[in-house]
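Comments concern the structure below.
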């Protein structure tokens, strides 16, 4: 694989909301390349949502406070670019799709962003069609967003940000309102965008088991700082106790393995998937 | 006791959301209602406190037919915490929010204050007492909504997706809190598709799909059965998927909880290892 372009670069980034006692994020150094799938996690209030707000310029443009350090997104300095410019490049999918969808039909909702950018009719049509095709929402285009299931709504929200042709898509706890099958479907759709279009995907999620299949890299925050950053399997293996101590929702098979390893009954790397754990345990039991 | 007798419910659009539901919930019960998005879980929850009345059949709360008494009357017995906390919150401070219901029920200011303090403490919200609920994070607002219902100590507590937006530690706290409530003889009903939370909390599970009950039983028996879990659009808990692969080694299939899994594997792996230890 050729070396991918750096799309997000934070240097000693910090932000303190006006009136807050402690900075929401501090000393954040982070470099994310094109077509990475990143899982961003940490306990409530650790600063992960604030960091995401920086990525599309909501911070510092819409939140008052003290900014320190540097943040470049897709080659743009977040502090000097208007949010209109940043929001074209960084799409944001929220936890509750109800808060994001408002047009009378799915098609109009997806067209809203490109219409506002002033594109020609043909360009808008093409962007909407492509976005619907990739997210599997074409069949829904005549429906009203409120008629859709939670998973369909979340895919329409994804199509809406996709029609802006962003370089980065941030999904902030996108599966909270979804049943497990539908959650899986949304994660797979996000992963397709990464593989087919080379987009950078950042997923904020408490439940690691949902994302572990797609995210190669995990970034863990606590108290506004990054406390772990690396390959998901490796971080789980080497820093398991720290993650558990923070209250990160580690996959249950990883937890089971680490308990058995502490008992001295198994050895080797903590598995992140059921399949890996099953084959390792089978190997031990079939003498 | 809350009893649903042959309850069906049709929305005015004609959509049949519940079909012939029979169910009873009593003090000391801990029940999880699970199913796909649109299965009818929230519609069912709204029948438990009379917010919705059945199109057919009836719902009795301590013997009273919900069609014949007011929602306000039922609210003293049945507390419903909505999925989206913003549907429930409106006061200027967290303290006022939690006090609102108690004041409405006519409790004295002393009782209100004591009860509010206790509830905020129990849910880890004491430090936010004087803040606006709308300045809190989603997970915190959810706990404020829970506190505002819990403060009046309803006999039946209905929680619609209580684990959404909660990190693992908060889920642990919620689990302990629920445990404490039902061991005090309250009934707790939670609507959820968080299979791992259910797997570790071990409630009775009712699986709902397309408005009908398709499965009932203990968490380990229901959540380890493929056909039931698939029908309700759920995914088996990780432990159940793991143990499904290990049955050929004499391990049981119906394991959903990581602690039971650990004990079983400790025994099993201990057996495997023992001869090695004797014959180095």
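Hey, could you check region A:246-258 for residues that are over 23 Å from the mean Cα position of the chain (by Cα) and more than 8 Å from chain B (Cβ to nearest Cβ) and say which is farthest from residue B:240 (Cα to Cα)? If we take residues in region A:246-258 being over 23 Å from the mean Cα position of the chain (by Cα) and more than 8 Å from chain B (Cβ to nearest Cβ), then A:258 is farthest from residue B:240 (Cα to Cα). Against the condition more than 14 Å from every other protein chain (Cβ to nearest Cβ), touching a helix residue (DSSP H, G or I) at 6+ places or on another chain (Cβ under 9 Å), at negative phi and assigned to a strand (DSSP E or B), how does residue A:101 come out, does it pass? In short, no.
In region A:263-287, what residues are without any contact (Cβ under 8 Å) to a residue 60 or more places away in the chain, more than 18 Å from residue B:247 (Cα to Cα) and more than 10 Å from chain B (Cβ to nearest Cβ)? So that I can check it myself, show each step before the final result.
Taking region A:263-287 as the starting set, the residues that turn out to be without any contact (Cβ under 8 Å) to a residue 60 or more places away in the chain are A:263-271, A:274-287.
Then drop every residue that is not more than 18 Å from residue B:247 (Cα to Cα), which leaves A:263-271.
The answer is A:267, A:268, A:269, A:270.
Inside region B:181-218, can you point out the residues that are at pLDDT below 90 and part of a helix (DSSP H, G or I)? Listed by number, the residues that qualify are B:181, B:182, B:183.
Residues are listed down the side, and each one gets a yes or a no for (1) within 9 Å of chain A (Cβ to nearest Cβ); (2) touching a residue at least 60 places away in the same chain (Cβ under 8 Å):
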residue: B:185; (1), (2): no, yes
residue: B:188; (1), (2): no, yes
residue: B:215; (1), (2): no, no
residue: B:221; (1), (2): no, no
residue: B:259; (1), (2): yes, no
residue: B:268; (1), (2): yes, no
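Scanning region A:162-175 for residues that are surrounded by fewer than 24 Cβ atoms within 10 Å (Cβ to Cβ) and over 12 Å from the mean Cα position of the chain (by Cα), we see that the one that is farthest from the other protein chains (Cβ to nearest Cβ) is A:165.
You will find that of B:164, B:178, the residue that is within 30 Å of residue A:274 (Cβ to Cβ), surrounded by fewer than 24 Cβ atoms within 10 Å (Cβ to Cβ) and modelled with pLDDT under 85 is B:164 and no other. Only helices (runs of 4 or more DSSP H) whose full extent lies in region B:21-117 are considered here, and the ones with at least 3 residues that are in the same structural domain as residue B:130 (by TED's automatic domain parsing) and surrounded by fewer than 16 Cβ atoms within 10 Å (Cβ to Cβ) are B:71-75.
Any chance region B:144-155 includes a residue that's surrounded by 24 or more Cβ atoms within 10 Å (Cβ to Cβ) and within 11 Å of another protein chain (Cβ to nearest Cβ)? Within region B:144-155 (the criterion being surrounded by 24 or more Cβ atoms within 10 Å (Cβ to Cβ) and within 11 Å of another protein chain (Cβ to nearest Cβ)), the answer is no, since none of the residues qualifies. Just one of (1) buried (at least 23 other Cβ atoms within 10 Å of the Cβ); (2) within 18 Å of the chain's Cα centre (by Cα) fails for residue B:257. It is (1). For residue B:248, state whether it is modelled with pLDDT of 90 or more, within 14 Å of chain A (Cβ to nearest Cβ) and not in a strand (DSSP E or B). Yes: the conditions hold for residue B:248. Which residues, counting only those in region B:198-207, are surrounded by fewer than 23 Cβ atoms within 10 Å (Cβ to Cβ) and either away from every other protein chain (no Cβ under 11 Å) or without any contact (Cβ under 8 Å) to a residue 40 or more places away in the chain (or both)? The answer is B:201, B:202, B:203, B:204.
Could we say that residue A:43 is away from every other protein chain (no Cβ under 14 Å), closer than 24 Å to residue B:167 by Cα and assigned to a loop (DSSP other than H, G, I, E, B) here? It is false that residue A:43 is away from every other protein chain (no Cβ under 14 Å), closer than 24 Å to residue B:167 by Cα and assigned to a loop (DSSP other than H, G, I, E, B).
The values are calculated or read from the model by the stated rules, or taken from the named source; none is laboratory data. Bear in mind that the values here come from a model prediction, so they are computed numbers and not experimental data. Note that each Cβ is placed from the backbone with ideal geometry, even for glycine, and that neighbours are counted across all protein chains shown.
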